[in-house]
1. Go through (1) away from every other protein chain (no Cβ under 14 Å); (2) in contact with a His (Cβ under 9 Å, 6 or more places away or on another chain); (3) surrounded by fewer than 17 Cβ atoms within 10 Å (Cβ to Cβ) one by one and return the number of the condition B:A90 breaks.
2. So, in the range B:324-378, how many residues would count as being small (G, A, S) and under 21 Å from the mean Cα position of the chain (by Cα)?
3. If you scan the range A:84-104, which residues turn out to be farther than 20 Å from B:P26 by Cβ and among the hydrophobic types (A, V, I, L, M, F, W, C)?
4. Would you please name the residue that is farthest from the chain's Cα centre (by Cα), looking only at residues in the range B:101-116 that are more than 10 Å from chain A (Cβ to nearest Cβ) and in contact (Cβ under 8 Å) with a residue 24 or more places away in the chain?
5. Return the residues of the range B:278-304 that are in contact with a His (Cβ under 7 Å, 6 or more places away or on another chain) and crowded, with 20+ Cβ neighbours inside 10 Å; say none if nothing qualifies.
6. Quick one: which residue in A:K86, A:K80 is farther than 30 Å from B:V102 by Cβ and basic (K, R)?
7. Looking only at the range A:22-39, which residues are over 22 Å from A:A128 (Cβ atoms) and within 14 Å of chain B (Cβ to nearest Cβ)?
8. Just for the range A:90-106: of the residues that are in a helix (DSSP H, G or I) and crowded, with 22+ Cβ neighbours inside 10 Å, which one is nearest to the other protein chains (Cβ to nearest Cβ)?
Amino acid sequence: MPRLFRALVAAAALVACPACAEFVVVVNPKNPVSSLTARQVAQIYLGRVGSFAGGGQATPIDLPEGTPLRDEFYAKVAEKNAGQVKAYWSKQLFSGNGTPPREVASIAEVKRAVAGDATAIGYIDRAALDASVKEIFSVR
Amino acid sequence: MAHRIRAVVLAAALAPAFAFAQQSYPDVSFSGFGTLAAVRTDTDAGQYATSVLQPEGARRSWDVRPDSLLAGQLTARFTRDLGFVGQLVANRRAQDDFTPHVEWAFLRYAVTPDFAVRGGVMAVPILMLSESRLVGLSFPWVRPPTAVYSQVPITNFRGADVVYRKPVGDTVLTLQPYFGKAPTDVPSSTGPVVRTDLDHVAGIAASAAWSEWTVRASYFQCDLTYPGQTAASLVSRLRQLAPTVAGAADLASRIDPTHKRLSYVAAGASYDDGRLLAQAEVGRLGSSTLMLAETNSWYATLGYRFGNVMPHVTVSRTRVTSTLTQDVLSASGPFADLAANIDTTLGTTNVSQRVVAVGARWQVLRNVDLKVQWDHVQLPDGAVGNFNASPGFARSVNVYSAALDFVF
């Protein structure tokens with residue numbers, strides 16, 4: 001039953017977001033980190049750690065709330081829907097324990113932010129991937 | 001939520017080389033949260049307060065005061081490593097009913113990304129939801145289970161702490177030692193609000209988070225001085241009797257809430273896989289004054305998300321473990337009135353209760369939820385639980401609540 005439920009959710013996600021079925025998590029090319037697990041990416045985006053595993057400071061860059069790729073990213077990496085992410089950050093922010101990742105308006109701006117900051121990490125459509133950033137994780 | 005009011009002009013003036021995609025400082029954001037809630041019970045004999053810090057409480061008619069609140073928070077970063085958090089909250093408290101008060105105001109300096117020191121007015125990290133107990137959107141109940149949470153009513157302290165995080169594999173460990181003081185206003189049924197001193201506050205919280213699990217264990221202690229009139233008059237009459245009545249001096253010092261040690265030990269665990277929520281906490285309150293009963297308390301919650309609706313059930317209990325009567329003065333002797341006064345006063349500290357709560361949270365929007373909850377409270381002999389009432393006012397009470405939570 002849970003497996004069926006999961007399959008239905010995944011199918012629904014594909015229908016809702018046909019163009020963003022594949023995304024990549026990227027860092028600055030100068031960043032020595034070469035790959036991360038989904039869980040490590042989630043811990044950075046949920047503010048549970050402030051640095052890369054075995055590396056320096058991590059500055060996560062987010063897309064605005066309501067962006068389909070953002071919802072897809074959190075569902076795949078952190079297994080949380082938009083409301084759960086909101087509830088999580090409400091708890092963190094209003095207990096003085098941290099602030100949600102900085103948001104930029106578009107995938108192009110995520111790329112620009114990551115290309116211009118050695119500590120930054122972002123997620124973009126695979127189609128937008130180029131040499132200005134370095135892939136460290138991908139989801140199909 | 002981060003409704004950012006970037007000081008763009010200021011930032012541009014301070015940082016001429018300000019690159020479009022880069023973080024700029026100061027970075028100031030304003031956000032807030034609130035709850036509009038109504039609660040009623042099925043009795044007028046006692047008043048349901050969600051904390052001992054609230055005067056009065058709900059009866060048979062719907063009351064919006066116990067759980068409703070509005071809060072605004074300013075979060076500022078002056079540099080990459082130095083920040084400030086200020087939070088104003090308007091809710092029901094002993095003194096300032098719905099007049100905004102400073103809930104947090106602290107500076108945070110990150111020595112490394114995972115090691116920070118903080119100073120100012122901050123949350124006391126005791127139970128799993130101690131820091132977020134006012135943020136309704138972040139939990140499933142109308143209020144965190146009162147059988148446990150009302151045993152630790154203070155929400156903030158003045159002092160300093162250190163937050164150290166250490167990732168170990170997929171687990172993140174957090175260690176947070178703190179010290180300071182926590183002056184707290186306590187309402188009194190017989191007179192004005194009593195300014196209670198919690199001095200020499202010291203504690204440590206250890207947390208771990210891995211995949212779906214979060215656990216926390218903590219220890220807290222302080223030096224309590226409660227200058228209430230009732231306690232003071234009992235103590236002074238007992239001290240007058242000390243030369244003639246054996247045990248009176250000892251009873252006086254056991255009651256006297258002046259420079260008494262309080263301690264709290266807590267442990268909790270939470271499992272949340274996105275659909276199933278299971279959470280439980282246990283706590284023990286230690287007290288060296290009879291004016292505050294020693295308790296063991298726990299709750300366990302199970303919830304399941306069906307889309308945007310999460311029904312949940314919670315079982316909780318508070319059990320007083322210290323003595324609630326005196327055996328120094330006879331109930332029929334020459335000091336029968338004093339004996340009765342003492343027993344009545346100690347009786348009102350009997351917060352024992354068993355609660356079964358059933359509720360549901362409906363996530364209406366990303367930042368808005370609606371909740372309903374029914375608490376069936378059973379009170380053992382002479383216990384008052386969370387009620388402002390005379391001992392023995394009821395054996396069981398139903399509490400009905402509804403809430404709308406939001407963040408902005």
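The values are calculated or read from the model by the stated rules, or taken from the named source; none is laboratory data. Model, not experiment: these values are computed from the prediction. Cβ placement follows ideal geometry from the backbone for every residue including glycine, while neighbour counts extend to all protein chains displayed.
1. Result: B:A90 passes all but (3).
2. Residues of the range B:324-378 that are small (G, A, S), as a first pass: B:330-333, B:336, B:339-340, B:347, B:352, B:357, B:359-360.
Now drop any that are not under 21 Å from the mean Cα position of the chain (by Cα), which leaves B:352, B:357, B:359.
The total comes to 3.
3. Within the range A:84-104, A:V85, A:A87, A:W89, A:F94 meet the criteria.
4. Looking at residues that are more than 10 Å from chain A (Cβ to nearest Cβ) and in contact (Cβ under 8 Å) with a residue 24 or more places away in the chain, I get B:V111.
5. Listed by number, the residues that qualify are B:T301, B:G303.
6. Exactly one residue qualifies, and that residue is A:K80.
7. A:T37, A:R39
8. Restricting to residues being in a helix (DSSP H, G or I) and crowded, with 22+ Cβ neighbours inside 10 Å, the top hit is A:S90.
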